[in-house]
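Structure record follows, encoded as C-alpha cells.
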Amino acid sequence: MSENRIPALEVKHITKRFPGVVANDDVNLTLCKGEILALLGENGAGKSTLMNIIYGLYKPTEGEIYVNGKKAEMRNPKDAIALGIGMVHQHFQLVPVMTVAENIMLGAESVKKNGLLDIKKVAREITELSHRYHLDVDPYATVEDLPVGVQQRVEIIKALYREAEILILDEPTAVLTPQEIEGLFEIMKRLQAQGKSIIFISHKLKEVLYISDRIVVLRDGKVVGETTPAEATQEKLAAMMVGREVILTVDKKPARPGDVVLEVKNLRAKSDLGDEALRGVSFQVREGEILGVAGVQGNGQTELVEVITSLKKAEGGQVIINGEDMTNASPRAITQKGQSSHVPEDRHAYGMVSTYSVADNLVLNTYNLPPFAKGITVNRPAIIEHAEKLIQEFDVRTPSPHTMAGSLSGGNQQKMVVAREFSRPIKLLIAAQPTRGIDVGSIEFIHNQIVAKRDEGVAVLLVSSELDEIMSLSDRIAVMYKGEIIDIVPREEATRENIGLLMAGVKRGEKVSVAG
C-alpha cells in the first residue's frame, strides 16, 4: 500500500434511501492509491448499494464522492469509467458467443477508416495488457469456450482497456477453484504494484485477511469498524459483521454410516441446452453420513440434483432411494414415498412461493397431509401453529406467520426453506448450495442443522461450490468435472490442494501440465 496514503477515492456521508429502507446511512470510506481495501458485511448490509453508487448505477440520496481529490458527479457508469473506475461484477457481463476482443471493445469500439471494426488493433492492445499483468488471454478465443477463471480475466482486461485506475471486484472468487483463486490474487498484487487501487468485496474471511491491506465492515447500512489483517482474526471480523460471536468451525463427531439410502447408478442427463450434462454418474450415500459433491459451478452438479429430485428427466441410469427405483418418479413421490427433503440451489425458483405467506411456504410439500388437511379441507389453525413453532425454532425473522415470504431477507428466506425441509421425518436430505448468498450468522446455524440431521441417522447429499463448506461438513467428498465424478475422497485424505486439482480435472497421480 502507498505509504503517503493519497486518496484515490473518497465517499463522504453517503446515504441512500429506498421506500421503507435505508440501504446506506451516512457512510464514509476512503480508498488510497495502490491499496487493496476489503469491504465486508452481511447480506443487506449495504455493500452492493454503495458500490452501485460509486459506479454510477444508483444516485445517492445524500453525500458526495471524490476521485483523486475532485468532486465527482456519477450520473451513470459512463461517468465512472471516464473517471477511471472499473467494476468486475459477480455475474460476468460478457456475451458468450462473441470473442474476447469483441467483448472487450463492446461500447468502446475501435474503427478503421473504412468504417469496419479494427479487431487486430484491439487484439494487439489486449495482448499487451495480458503480458503486462500476466493475464494470459487469447483475444480471438470465444468467451463461452473459456474456463470461468479466464472469463474473469477478460472482465479485468475490459476494465484495464478502458484505463481504469480504481477496480471494484464484487465477490470475485465465488465460482473459482483454489488454484484459480491463487492466480487471481497474484493478478491483484501485480495490479497493486502498478499503482492500481482495488476494492475487494467478499464474504470469505480467510481471503480477506490474506489479500487486503485494510478492512472496512458494514452492518445495517453503516460503517461499524475498520481494521487491518495484522489486527484482525476471522472470529473478530465475523463478530463485527453480525454483531455477536460466531462459531466458524463445525463441531461434529466421526460419522457412523449405516445402510445405503441413496444409490445412483450410471446416471445420464442433458442440460437445458441439450448438451450431455451427466455422463454415467454413480455413487452411494449411507444413513448417518454426509457425502459432499465439490466442483466448479457448471460441471453437472445442478443437473445431478434436478434428476435425483425429479425436476429433470434422466436419459439413462437409475436413482434408487431406500431400495426402491425412483428414477423419473414424481417430485411428490420422491418427497413423500422416498422420505426425502430438498433444499434447492435456487430457492426462488424451486424452494418457495414469494407471494404466499411464511406459514403457507412452511407446508408447501405437506399441505395435503394431516394435521394440515382433512380430505379437501385445509386446517388453518394447525398450519399457523406449525409455522409459529418453526419460526421460533429456526430463528426465521418475520413480523408474523402471515407475512409474505418474498418480503423477507435472503437469509431468512433460506432459513424458512431449511425449516420446512428439516422439520419432518426424513431418511434423505439433499442440500444444494444451502448457504449461497447468506451471511456468516445464518451459515453457522444451517451448518449445525445439517450435522444434526446426519447425527440423527439421515443420509445427506451436500452439493456446494464453496470448498470450505465441503471440507468442513463432508465425511466423503465426490468431485465432479465435466459431468462425471472423477474421484471420491475420504475426508481424512482430502486437502484443499488435491480437491482443487480434481475440480480442475486433474486426477490423483496425474502430472500437472504447466504449458501455456
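Once you have a ≥ b ≥ c as the square roots of the Cα gyration tensor eigenvalues for the range 1-143, tell me rounded if a/c is under 1.5, and otherwise prolate or oblate according to whether a/b is larger than b/c. Kindly include the intermediate steps, with their values, before the conclusion.
Details: a/c = 2.12, a/b = 1.80, b/c = 1.18.
Judged from the Cα gyration tensor, the range 1-143 comes out prolate (a/c at least 1.5, a/b above b/c).
Please give the helix 178-193 orientation as an angle from the longest Cα principal axis of the chain, in degrees from 0 to 90, rounded to the nearest 10.
Here the helix axis deviates by roughly 20 degrees.
Provide, for q = 0.16, 0.17 Å⁻¹, the log10 of I(q)/I(0) from a solvent-free Debye sum over equal Cα point scatterers in the range 395-516.
With one equal scatterer per Cα and no solvent, log10 I(q)/I(0) is -0.85, -0.92.
Given a cut-off of 20 Å, name the pairs among LYS374/LYS415; LYS389/LYS415; LYS71/LYS189 whose C-alpha atoms lie farther apart than that in the structure shown.
Working: LYS374/LYS415 28 Å; LYS389/LYS415 13 Å; LYS71/LYS189 28 Å.
The pairs that break the limit, which is 20 Å between Cα atoms, are LYS374/LYS415; LYS71/LYS189.
Under 22 Å Cα to Cα from LYS112, which lysines show up? Leave out anything in the same chain fewer than 8 places away.
Those lysines meeting the cut-off are LYS120, LYS121, LYS158.
Would you work out which of MET105, ALA238, VAL22 lies farthest towards the positive end of the dipole of the range 7-242, given +1 charges on the beta-carbon of Lys and Arg and -1 on that of Asp and Glu, about the Cα centre?
MET105
By its C-alpha gyration tensor, with a ≥ b ≥ c as the square roots of the eigenvalues, how is the range 305-351 shaped: rounded for a/c under 1.5, else prolate for a/b larger than b/c, else oblate?
Values: a/c = 2.35, a/b = 1.38, b/c = 1.70.
Verdict is oblate for the range 305-351.
Can you give the angle from 0 to 90° between the axis of helix 410-422 and the longest principal axis of the chain, with both taken from C-alpha atoms, to the nearest 10?
The helix 410-422 is inclined about 20 degrees to the chain.
Between the alpha-carbon centers of the range 415-437 and the range 171-229, tell me the distance in whole angstrom.
First find each Cα centre; the distance between them is then 31 Å.
Once the dipole of the range 7-242 is set up with Lys and Arg at +1 and Asp and Glu at -1 on Cβ about the Cα centre, which of PHE185, ILE126, PRO7 lies farthest towards its positive end?
PRO7
Ordered by residue, what ³J(HN,Hα) values in Hz, to whole numbers, does the range 265-281 give under the Karplus form 6.51 cos²θ - 1.76 cosθ + 1.60, where θ = phi - 60° and Gly and Pro are x?
Ordered by residue, 3J(HN,Hα) equals 10, 6, 6, 10, 7, 10, 6, 4, 8, x, 7, 6, 9, 10, 10, x, 7 Hz.
Can you list the residues, at least 5 places off or on another chain, whose amide H is less than 5 Å from the amide H of GLU315, using H built in the peptide plane?
The answer is ARG268, ALA269, LYS270.
Nearest 10 degrees, 0 to 90: what angle lies between the long axis of helix 440-455 and the longest principal axis of the chain (Cα atoms)?
Roughly 30 degrees, rounded to the nearest 10.
For the range 283-289, in order, what is each residue's ³J(HN,Hα) by Karplus, 6.51 cos²θ - 1.76 cosθ + 1.60 with θ = phi - 60°, in whole Hz (x at glycine and Pro)?
In residue order, the calculated couplings are 5, 10, 10, 9, 4, x, 9 Hz.
Would you list the P(r) distribution for the chain, with all Cα-Cα distances sorted into 10 Å bins from 0 and each bin expressed as a whole %?
Whole-percent P(r) values from 0 Å outward: 4, 17, 26, 26, 18, 8, 2, 0.
Percent relative contact order of the chain, based on C-alpha pairs within less than 8 angstrom and at least six residues apart? Each step should come with its number before you reach the end.
Working: 1036 pairs, mean separation 74.7, N = 516.
Reported as a whole number, the value is 14 percent.
Once amide H atoms are built 1.01 Å from N in the peptide plane, which residues 5 or more positions from ASN379, or in another chain, come under 5 Å H to H?
For ASN379, whose amide H was placed from the backbone, the distant partners under 5 Å are ALA373, LYS374.
How much of the DSSP beta bridge set in the range 7-242 is antiparallel, as a percent to the nearest 5? Mind showing how you got there, number by number?
On the way: 23 of 41 bridges.
Restricted to the range 7-242, the bridges split so that about 55 percent are antiparallel.
Counting only GluC sites (Glu not before Pro) that are in a DSSP loop and have at most 14 other C-beta atoms within 10 Å, tell me the longest site-free stretch of the chain.
Working: sites that count: GLU3, GLU73, GLU109, GLU163, GLU231, GLU245, GLU315, GLU456, GLU510.
Looking at the chain, 316-455 is the longest stretch - no exposed GluC sites (Glu not before Pro) with at most 14 other Cβ atoms within 10 Å.
Counting DSSP beta bridges with both partners in the chain, what percentage is antiparallel, nearest 5? Present the calculation step by step, with values, prior to reporting the outcome.
Details: 47 of 82 bridges.
The answer is about 55 percent antiparallel.
Using just the helices of the chain, give the 222 nm mean residue ellipticity in deg cm²/dmol: DSSP H runs with n ≥ 4 each add -39,500 (n - 2.57), and the total is spread over all residues, rounded to 500. Don't jump to the answer; show the numbers that get you there.
On the way: 15 runs with 151 residues, N = 516.
Rounded to the nearest 500, it is -8500 deg cm²/dmol.
Taking the Cα centre of the chain as the origin, how large is its charge dipole in debye, to the nearest 20, when only Lys and Arg (+1) and Asp and Glu (-1) carry charge on their Cβ atoms? List each step's numbers first, then the result.
Values: 61 positive and 69 negative charges, 133 e Å.
The dipole of the chain has a size of about 640 debye.
At q = 0.10, 0.18 Å⁻¹, what is the log10 ratio I(q)/I(0) for the range 7-242, with the Debye formula run over Cα points and no solvent?
-0.47, -1.39
Looking at ILE53, HIS203, LEU428, which one has the Cα that reaches farthest to the positive end of the dipole of the chain (charges on Cβ: Lys, Arg +1; Asp, Glu -1)?
Highest projection toward the positive end goes to ILE53.
Using θ = phi - 60° and the Karplus relation 6.51 cos²θ - 1.76 cosθ + 1.60, list the HN-Hα couplings for the range 163-169 in order, rounded to whole Hz, with x at every Gly or Pro.
6, 5, 9, 10, 10, 9, 10
Report relative contact order for the range 178-243 in percent, whole number only (criteria: Cα-Cα under 8 Å, sequence separation at least 6). If you can, show how the numbers build up before the last one.
Working: 51 pairs, mean separation 15.6, N = 66.
Value for the range 178-243: 24 percent.
If you average the sequence gap of Cα pairs under 8 Å that are 6 or more apart and divide by the length of the range 7-242, what percent do you get for the contact order?
Numbers: 456 pairs, mean separation 65.3, N = 236.
Contact order relative to length: 28 percent.
Read the figures in this text as sums done on the coordinates, not as results from a lab. Here the structure is a predicted model, which means the values were calculated and not measured. As a convention, Cβ positions derive from the backbone with ideal geometry for all residues, glycine included, and neighbour counts pool all protein chains shown.
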